[in-house]
Amino acid sequence: MVLKFSVSILWIQLAWVSTQQLEQSPWFLSIQEGENFTAYCNSSSVFTSLQWYRQDPGEGPVLLVRLVTGGEVKKQKRLTFQFGDARKDSSLHITATQPGDTGLYLCAGAQCS
Ligand SMILES: *[C@@H]1O[C@H](CO)[C@@H](O)[C@H](O)[C@H]1NC(C)=O
Ligand SMILES: *[C@@H]1O[C@H](CO)[C@@H](O)[C@H](O)[C@H]1NC(C)=O
């Protein structure tokens, strides 16, 4: 069975910070059930916090995790979230994907300066 993932960006930015580019990859990915999946959310600037959400069709985004400390790793069953040491990038890793993992995953970064 082939599972379809899509990854998108939700960019939350506080009003006084100038526009920053957030790169997320990959945008769409089809993988075989049982394979691992990794998505990145990278930026050229530092985040004070970074959140990952999951959104299912017809539903609102559901918060999966909030990362605030550089180098932080959080695990939820087969999902591992990691915040880069410099707080400029984050990854979502899914081990041994199952059909129920199919969905839209969003990352949102907040900056405060
Ligand atoms: C995002 O950052 C990670 C960790 O630094 C790096 O391995 C990855 O290649 C980067 N991805 C992109 C698209 O820049
Ligand atoms: C999948 O991820 C797990 C845990 O991160 C790792 O132990 C395993 O070697 C990975 N498998 C593949 C095929 O990359």
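Treating the beta-carbon of each Lys and Arg as +1 and of each Asp and Glu as -1, no other charges, what is the dipole magnitude of the range 34-111 about its Cα centre, to the nearest 20 debye?
Details: 8 positive and 7 negative charges, 45 e Å.
My answer is approximately 220 debye.
Working from the pairwise distances between different alpha carbons, so that the mean of 1/r is found and then inverted, what is the range 34-111's Kirkwood radius in Å?
Numbers: mean 1/r = 0.0783 Å⁻¹.
One decimal place: 12.8 Å for the Kirkwood radius.
Only the coordinates and a few stated rules stand behind these numbers; no lab work does. What you see is a predicted model; the values in this text were computed from it and never measured. Cβ atoms come from the backbone with ideal geometry, glycine included; neighbour counts cover every protein chain shown.
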